[in-house]
1. Only one of (1) loosely packed, with under 13 Cβ neighbours inside 10 Å; (2) outside any helix (DSSP H, G or I) fails for residue 208. Which number is that?
2. I'd like to know if segment 96-103 contains one or more residues that are out of contact with any strand residue (DSSP E or B) (no Cβ under 8 Å at 6 or more places or on another chain), farther than 19 Å from residue 14 by Cβ, of a type in the set (A, V, I, L, M) and loosely packed, with under 14 Cβ neighbours inside 10 Å.
3. Would you check which residues across segment 35-62 are of a type in the set (Gly, Ala, Ser), outside any loop (DSSP other than H, G, I, E, B) and within 13 Å of residue 105 (Cα to Cα) and list them?
4. Only residues that are of a type in the set (A, V, I, L, M, F, W, C) and touching a strand residue (DSSP E or B) at 6+ places or on another chain (Cβ under 8 Å): list them for segment 306-349, please.
5. Residue 262 versus (1) touching a helix residue (DSSP H, G or I) at 6+ places or on another chain (Cβ under 9 Å); (2) among the aliphatic types (A, V, I, L, M); (3) under 30 Å from residue 242 (Cβ atoms): which is the lone unmet condition?
6. Pull up segment 296-315, narrow it to residues that are in contact with a helix residue (DSSP H, G or I) (Cβ under 9 Å, 6 or more places away or on another chain) and either modelled with pLDDT of 85 or more or part of a loop (DSSP other than H, G, I, E, B) (or both), then point me to the one that is surrounded by the fewest Cβ atoms within 10 Å (Cβ to Cβ).
7. May I ask you to verify whether residue 281 is out of contact with any strand residue (DSSP E or B) (no Cβ under 7 Å at 6 or more places or on another chain) and closer than 30 Å to residue 261 by Cα?
8. Could you say which residue among 240, 198 is touching a Phe, Trp or Tyr at 6+ places or on another chain (Cβ under 8 Å), modelled with pLDDT under 95 and either over 28 Å from residue 298 (Cα atoms) or part of a helix (DSSP H, G or I) (or both)?
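The values are calculated or read from the model by the stated rules, or taken from the named source; none is laboratory data. Model, not experiment: these values are computed from the prediction. All Cβ positions, glycine included, derive from the backbone under ideal geometry; neighbour counts span all protein chains shown.
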Amino acid sequence: MTKELYKYWNRELNHIAGGFTPTIDEPGRESRDTAGEPVDGYWRIMAARTKADAPVAIWHDGERVMLKIGRRDPMDNEAPDFEAFFASSWPKCAAVLEADYHAALASGIWPGDGKQSRQMSEEERLDIIPTTPADQGGNMVDEDGQPLDPYHQTILAKATSLVEKTNELGALDSMPKAEKAATIVTDARSLRKIADGKRDEAKRPHDEAAARVQAKWKPILDSLDAVTRGLVDAIDKFQKAEAARLKKIADDAAEEERQRVATETAKRMEAQGATEEEAAEAAQEAAAAVETVVAAPVKVASAHGRAVSKAKRKVGVITDQAAFIEAIKGGEDFTAWLQQKADAIARSKTPVAGMKIVDA
């Protein structure tokens, strides 16, 4: 009788080509009507590519038909979910070897193709299991006796392995190599996400401590910066006004001296018998020779400190936009800036003249 119970399962196994690769591609499998025929055996629900393929076991316990899906408790044919399984999941089931069933149930991974048999965290899937803690007999210190981070050690080993696998691939000149590369990419992305989380976890106490230090000192620093900025601006304004005042005084004094020199020169030339035109020309030349006394720069300083002044900076004034763009358009930074603008426009999905949006 036992052999008869597994007859259908054995027939399904015989349909599987070498390697026992599960398949449900046979014509007519959509309904999979097995009413009245025992289907005891070991099965795999062939789910979507991104879903887990749950292992299934079906067996008889006396008159009861037992069903176990994944790691859930077994149910009998009286359970509400029993009929639901045969209505929806049974057509997607493929026969598997008993050994493969137990391996998938224990490890969460199907032998052969490595697909998950249950939904696992990325840490489980990548086997991110830290080394044994020191209190359980593990060696958790480095050569200098400093404590090791077990997760860091494990993730580092996995990352190193992915780099080595990448180097071994060489050129992607075949579909199997491309598929291996895709697997490495998937694992690398998942591992990076885990590593980033562990890094944030390790950084958090330091970030919080830094935030406390910042909260303690930043108000003081901000207030001092505000005082400095305000007073430096006021000093700069005063220096400019004072320099303008002193310049006006010097300019007025120079002009007064020119007038005096011109008048005296003209009188002297006339006394010496020069014509009015000759006297006027000599007066003009004498006045032009009078130089304006340049006032010393205005400096503001404390009694025993350096002079305070506002830092000068160079700024560019664009006088001809078209000419300016023409002059700089060959530069790498200009090209990079244009690309950034084009990418931003592409993300907004509103192309403008001179560009198009494509999938990168």
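1. For residue 208, the exception is condition (2).
2. no
3. Selection gives 57 alone.
4. 307, 308, listed by residue number.
5. Answer for residue 262: the failing condition is (3).
6. Residues of segment 296-315 in contact with a helix residue (DSSP H, G or I) (Cβ under 9 Å, 6 or more places away or on another chain): 296-300, 308-311.
Checking the rest, the ones that are also either modelled with pLDDT of 85 or more or part of a loop (DSSP other than H, G, I, E, B) (or both) come to 296-299, 309-311.
On the way: 296: 8, 297: 10, 298: 17, 299: 11, 309: 15, 310: 13, 311: 6.
Only one residue fits best here, namely 311.
7. For residue 281, the condition - out of contact with any strand residue (DSSP E or B) (no Cβ under 7 Å at 6 or more places or on another chain) and closer than 30 Å to residue 261 by Cα - is met.
8. 198
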